[in-house]
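The values are calculated or read from the model by the stated rules, or taken from the named source; none is laboratory data. Keep in mind that this is a model prediction, so the values were computed, not measured. Here the Cβ positions follow ideal geometry from the backbone for every residue, glycine too, while neighbour counts run over all protein chains shown.
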């Protein structure tokens, strides 16, 4: 008996789909840009219809009104999801990756290696030098503001910043020299 009522429910939904899907798709398509996304929203509408046991008890007008209301809610949900979790098509992503030479996979991997190396060098610095670099480059503060925050003189901060940047340049120069002589 349960199997028979499930089959009747599915055939009822199939009839609703044949009757109302084209109209609902046009309605959804006015609010959703891509055809594929509109079809996905339409699918969600009919999944909701499948899950509603009282739909078959409604008149045709009530069924259409219910389906339109669900379609409206589903495309609103779709827009909310796309705002919270924006997506980019695979073709656009591929184009973006390979249009710019600096985004080619091997160059991205090299960039990650250089970034990891920089973090290693920064971690080897004394805490006060790390803090000065963080305040200057991460928080974009000027030397007088850094000096106030750390209770140091402006001159001391300028000297420390200059020395630590010079030290980092030397570390990089030495590591490049080792690689080329390697």
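Summary of computed values
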{"quantity": "Near pairs, Cβ below 7 angstrom, 6+ apart or cross-chain, from region 49-70 (within 15 Å of residue 20 (Cα to Cα)) to any residue that is surrounded by fewer than 16 Cβ atoms within 10 Å (Cβ to Cβ) and at pLDDT below 90", "calculated": "56/12"}
{"quantity": "Subset of region 18-36 [at pLDDT 90 or above and under 18 Å from residue 72 (Cβ atoms)]", "calculated": "20, 21, 22, 23, 24, 25, 26, 27, 28, 29, 30"}
{"quantity": "Number of the condition not met by residue 166 [criteria: (1) over 30 Å from residue 14 (Cβ atoms); (2) surrounded by 12 or more Cβ atoms within 10 Å (Cβ to Cβ); (3) modelled with pLDDT of 90 or more]", "calculated": "(2)"}
{"quantity": "Members of region 66-123 found to be closer than 18 Å to residue 38 by Cβ, modelled with pLDDT under 85 and either touching a strand residue (DSSP E or B) at 6+ places or on another chain (Cβ under 9 Å) or surrounded by 10 or more Cβ atoms within 10 Å (Cβ to Cβ) (or both), listed by number", "calculated": "81, 82, 87, 89"}
